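The structure under discussion is supplied below as structure tokens; questions concerning it will follow.
Taken together, the values in this text are just the output of simple stated rules run on the coordinates, not laboratory data. Fair warning: this is a prediction, and the values are worked out from it, not measured in the lab. Here Cβ is always computed from backbone atoms with ideal geometry, including for glycine, and neighbour counts include all displayed protein chains.
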Amino acid sequence: MIWKEILIRYGELSTKGKNKMDFIRRLRENIRYSTADLGHLTIRTEHDRMFIALDNEEMKDALVERLQHVFGIQSFSPVAACGKDIEEMKQLAKDVMKQYEDQTYTFKVEVKRTDKKFPLESHALQRVIGATVLSTYPNLKAQMRKPQIEMRVEVRMDAVYIMAQVIQGAGGMPIGSNGRSVLMLSGGIDSPVAGYLMMKRGVRLDAVHFFSPPYTSDNSLEKVKDLAKELTKFGANVRLHVILFTEIQLQIKEDVPENMSMTATRRMMLRAVDKVREDINALAIVTGESLGQVASQTLDSLTAINDVTTTPILRPLIAYDKLDIIDIAQQIGTYETSIRPYEDCCTIFTPANPKTKPKVEKVAHYEERSDYEVLLDRAVKNREIYVYPEKKKVEDKFADLL
Amino acid sequence: MIYFDNSATTQPLPDVLQAFVTINERYYANPSSIHERGVEANALLTRAREQIATLIQTEASRVIFTSGGTESNNLAIFGVTASTQHIGKHVITTAIEHPSVGEAMKRLEKEGYDITYLPVDAQGVVALNDVKQALRKDTVLVSIMHVNNEMGAVQPIEAFARLIHEESRAHFHVDAVQSYGKLPVHFNGDAGPDSIAISAHKIHALKGTGLIAFRKQPMLTAQIVGGGQEFGKRSGTVAVAQNVVFAKAMRIAFDEREQHFANYLKWRHHIVATLLQLPDVKVISTKQGAPHIITFSVAHLRGEILVNALQDKGLIVSTSSACSSKQQQTSHVITALAIEPAYREGVVRMSLGALTTEQQVMEATAILRAVITTIKGASL
């Protein structure tokens, strides 16, 4: 195998001054975490880049796939290596560029010579290697200014290193570098996207889901679990807290006029989430709300709902169009799961004409008819917690049949 | 009894039958139902679909289960032409297709389509240049079989696919009913066909099951409408157990393909060498053909007489193809190959399968030798 290591370029964390070591450490941990099943990796960190040693071809392919999802990586490149011999270098240059042989790309060769004792100086090397590649792959064209492919050759003390491919990373910041927040995960299209955007900003997530059997089915819960699992592929585990909400929803139906029940329901959900947040020492609450999308997401509604807490509520999608949200959902692979046709707790008990401008005082007045604090405390205390990715793989009952 | 009629149908594998029973006991629910049992059946069906998609290199949402090879070919031909009427009404096929393609073409002709039937050479192969010449601006579909069911000729599908994709917008459908499990059958990116038809009972799974798979999201008008199953392309309650064991048989066939292929080559060589020593025998299948099909003819002898004589000695073979063998006319494939008149009546096909053993091959050649020598001796 020609591949020696993968070079990782950090994202914006390069600019973070004294917190940098912490960020690099988190990125390294997150990479280890999302590649745990591949065995122990040898990772070497420098101030502006990181190297992962490669043992075999499969490992390279697996890493190329995984690293694209890990936040905090701006881009990365597989690096090939050979001995400090000009014939070996020519051959390696050809091997590295082979993947572009059918395409018409412009390219140039950059040479860096750390080992000044190497007989050929940089410009000469550049010419020799460039000529070799050009004569081997007639589709490629040399271009010094802004080429599509920049082939980098480094003559270091121990060996010669060559790379050409630059794979875009997910950008953002390593998860965990910006604290922990609680995501309200409904099972729709928006909330996983909101979670994704916050994870990209380095936030570690716990998800909360409200489950109202028998009005919502096990299928809808399965769907939310699948969404929580999908969020783990960005390089961190996700805890899912499932709160049984039937009792509270029925009580609201009893106490609050139909056109305000939706606002009251949201307020109760937010109070419950805030209790979970306090319990796990998280800082903020994340929602998938987008301004004006539905009755509960008008500015008046948001104000009435927000009234129950002073905890910061982060709404990364507040100014997004639905179509833009769908685009992201498709890119991150949560869309297909989100559109599975099961009722969630937001779509049942929906009043025909919900108020788009609810008054806080009025809603609060109706809420005084029962002791919701007790109901909420009990629901939060009895919540079920699932951790993803699951430690052990569930036994495959279909394996024998296929 | 030696069963050498595997191109007509195959014996289901014991594993296949066992899984079929288990699935019917445990996962009999309708996969479209929303209750727990239905969801579970659907999960199993999805796994089968994904397994198949991986084997033939496409996506699960592009695999449509049908009732078999005939329906798959019909769906490709009528479904693609119905959704491309506005583009053109020219279709290309060959003179040696299975009737599920040939008869469909005749119907299209009645509906006003212009059909080009490409000829084959003495080996049963279509010339690349003929495909090139036949392609027109209004060509919407090219349908070519991979392996011929009557004499095993193999068409250069990859070369055709490349040419068709380069020079036209036509949909390229491949009838792979006789080739899956014998030759590599997959989409292979841009070098592959647009759709592939595969039948379950030809690869040791069950009858009444088949599939059509697509390289890209298909432009296809459903031919059976109803509950909208199979992504709306083929309605009807989905046969979960049949399709799951189909996926299983496809996996087994895929895993064992190379090993079987090597055996078929060796065994064909042995059988053909024996046949060539016998009087008045002409071997019609060729060295370049698929090695599991050996077709030959004995001069001035009706095929069914030979089939019956061999059966008396315990060797099951068939006249050219099971589908057409009950009809009293020369097969269109034999006509297309321009076989001399003396050999047209007596065409017999032997087809090997995954359960064929070396001992069976040895016994079969002994029976062939004895029976043909006796018949020809008697008639002299």
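Calculate how many DSSP beta bridges within the stretch A:3-171 are antiparallel, expressed in % of all such bridges and rounded to the nearest 5. Walk me through the intermediate numbers first.
Numbers: 25 of 34 bridges.
Percent antiparallel among DSSP bridges in the stretch A:3-171 is about 75.
Given a cut-off of 25 Å, what percent of all Cα-Cα pairs of the stretch B:210-325 lie beyond it? Intermediate values should be presented prior to the final figure.
On the way: 3373 of 6670 pairs.
Tail of P(r) above 25 Å: 51 percent of Cα pairs.
Pop the C-beta distance of residue A:115 and residue B:265 into the FRET formula with R0 = 56 Å and round what comes out to the nearest 0.05.
Numbers: r = 56 Å, r/R0 = 0.99.
Computed FRET efficiency for residue A:115 and residue B:265 comes out at 0.50.
So for B:106, A:20, fewest C-beta neighbours within 10 Å to most, what's the order?
On the way: B:106 11, A:20 15.
Fewest-to-most Cβ neighbours within 10 Å comes out as B:106, A:20.
Let me ask something additional. How many percent of all Cα-Cα pairs in the stretch A:3-171 sit more than 27 Å apart? Show your work: numbers first, answer last.
Numbers: 4379 of 14196 pairs.
Of all Cα-Cα distances in the stretch A:3-171, 31 percent exceed 27 Å.
Quick check on the exposure proxy: order B:86, B:300, B:165 from fewest to most C-beta atoms within 10 angstrom. Each step should come with its number before you reach the end.
Details: B:86 7, B:300 13, B:165 17.
By the 10 Å Cβ count, ascending: B:86, B:300, B:165.
Then there's this: As an exercise, use a Förster radius of 22 Å and the Cβ-Cβ distance of residue B:122 and residue B:159 to find the FRET efficiency, rounded to the nearest 0.05. Each step should come with its number before you reach the end.
Working: r = 19 Å, r/R0 = 0.88.
Once rounded, the FRET efficiency stands at 0.70.
Could I ask something else about it? Below 8 Å between Cα atoms, with a sequence gap of 6+, how large is the relative contact order for the stretch A:28-142 in percent?
Values: 82 pairs, mean separation 23.5, N = 115.
Once divided by the residue count of the stretch A:28-142, the mean separation gives 20 percent.
Given the rule -39500 (n - 2.57) for each run of at least 4 DSSP H residues, summed and divided by the residues of chain B, what is its mean residue ellipticity at 222 nm, to the nearest 500 deg cm²/dmol? Show your work: numbers first, answer last.
Values: 10 runs with 154 residues, N = 380.
So the helix-based figure for chain B works out to -13500 deg cm²/dmol.
Here is a further query. With the contact rule set at Cα under 8 Å and sequence spacing of 6 or more, what percent relative contact order holds for the stretch B:1-76? Numbers along the way, then the final one.
Values: 33 pairs, mean separation 9.7, N = 76.
Rounded, it is 13 percent for the stretch B:1-76.
Evaluate the relative contact order of the stretch B:14-252 (contact order divided by residue number), counting alpha-carbon pairs under 8 angstrom at least 6 apart; express in whole percent.
Values: 469 pairs, mean separation 65.8, N = 239.
Dividing the mean separation by the residue count of the stretch B:14-252 yields 28 percent.
Would you calculate a helix-derived [θ] at 222 nm for chain A, using -39,500 (n - 2.57) for each DSSP H run of n ≥ 4 and dividing by the full residue count, to the nearest 500? Walk me through the numbers before you get to the answer.
Working: 13 runs with 152 residues, N = 402.
Roughly -11500 deg cm²/dmol at 222 nm, from the helical runs in chain A.
Additional query: When A:263, A:311, B:319 are ordered from fewest to most other Cβ atoms inside 10 Å of their Cβ, what list results?
Numbers: A:263 29, A:311 18, B:319 22.
The order, fewest Cβ neighbours first, is A:311, B:319, A:263.
Counting DSSP beta bridges with both partners in chain A, what percentage is antiparallel, nearest 5?
Working: 30 of 56 bridges.
The antiparallel fraction comes to roughly 55 percent.
Here's a follow-up. Taking a cut-off of 19 Å between Cα atoms, list the lysines near residue A:200, but don't count ones fewer than 8 places away on the same chain.
A:16, A:20, A:229, A:233
Rounded to whole Å, give me the distance from the Cα center of the stretch B:240-317 to that of the stretch A:54-121.
If you average the Cα positions of each part, the centres end up 51 Å apart.
While we're here: Of all alpha-carbon pairs in chain A, indicate the percentage at a distance above 40 angstrom. Write down the numbers at each step before the final one.
Working: 26850 of 80601 pairs.
Above the 40 Å cut-off, chain A has 33 percent of its Cα pairs.
When a/c reaches 1.5 or more, the comparison of a/b and b/c decides; with that in mind, is the stretch B:1-95 rounded, prolate or oblate per its Cα gyration tensor?
Details: a/c = 2.60, a/b = 1.30, b/c = 2.00.
Verdict is oblate for the stretch B:1-95.
By the scheme Lys and Arg +1, Asp and Glu -1, what is the net charge of all other residues having a beta-carbon under 9 Å from that of residue A:256?
Details: positive: A:253, A:369; negative: A:254, A:255, A:258, A:367.
Value of the local net charge: -2.
Right, here's the next one. Return the average number of partner chain Cβ atoms within 10 angstrom of each residue Cβ along peptide B:42-51. Before the final figure, lay out each step's value.
Values: counts 0, 2, 4, 0, 1, 5, 3, 0, 1, 2.
Per residue, the number of nearby Cβ atoms from other chains is 2 on average.
For a test of the definition: using alpha carbon positions, the gyration tensor, and the 1.5 limit on a/c, classify the protein assembly as shown as rounded, prolate or oblate. Write down the numbers at each step before the final one.
Numbers: a/c = 2.48, a/b = 1.52, b/c = 1.63.
It is oblate, given that a/c is not under 1.5 and a/b is not larger than b/c.
What is the average number of partner chain Cβ atoms found within 10 Å of a Cβ in A:216-225?
Details: counts 0, 4, 3, 5, 0, 0, 1, 0, 0, 0.
Mean inter-chain Cβ contacts per residue within 10 Å come to 1.
Straight distance only, please: which lysines reach the Cα of residue A:108 with their own Cα at less than 25 Å, same-chain residues fewer than 8 apart left out?
List returned: A:4, A:60, A:84, A:90, A:94, A:98, A:116, A:117, A:141, A:146.
Over the Cα atoms of the stretch A:180-388, each weighted equally, I'd like the Debye log10 I(q)/I(0) at q = 0.12 Å⁻¹, rounded to two decimals.
The Debye formula, applied to the Cα set alone, gives -0.56.
Okay, moving on. With Cβ to Cβ distances under 12 Å as the rule, what net charge do the other residues near residue A:70 carry (K, R +1; D, E -1)?
On the way: positive: A:26, A:28, A:32, A:66, A:200, A:233; negative: A:29, A:65.
Combined, the nearby Lys, Arg, Asp and Glu give +4.
Hey, which aspartates and glutamates would be in cross-link range of residue B:248, C-alpha to C-alpha under 16 Å, not counting anything within fewer than 8 residues on its own chain?
A:396, A:400, B:15, B:50, B:256
Work out how much length residue B:169 to residue B:329 would gain on full extension: take 0.36 nm times their residue separation and subtract the Cα-Cα distance, in nm to one decimal.
Numbers: separation 160, 0.36 × 160 = 57.60 nm, distance 3.74 nm.
Gain on stretching residue B:169 to residue B:329: 53.9 nm.
Can you check what the net charge comes to around residue B:103, using other residues whose Cβ is under 12 Å from the Cβ of residue B:103 (Lys, Arg +1; Asp, Glu -1)? Before the final figure, lay out the partial values.
Numbers: positive: B:106, B:107, B:110; negative: B:97, B:109.
Neighbourhood net charge equals +1.
Of the listed pairs A:223/A:275; B:110/B:287; A:223/B:182; A:275/A:362; A:223/A:359, which have alpha-carbon separations greater than 31 Å here?
Values: A:223/A:275 24 Å; B:110/B:287 38 Å; A:223/B:182 41 Å; A:275/A:362 24 Å; A:223/A:359 34 Å.
Long pairs (Cα-Cα over 31 Å): B:110/B:287; A:223/B:182; A:223/A:359.
Something else now. When 1/r is averaged over all different Cα pairs and the result inverted, which Kirkwood radius in Å belongs to chain B? Don't skip to the answer; put the middle values down first.
Details: mean 1/r = 0.0465 Å⁻¹.
Mean inverse Cα-Cα distance, inverted, gives 21.5 Å.
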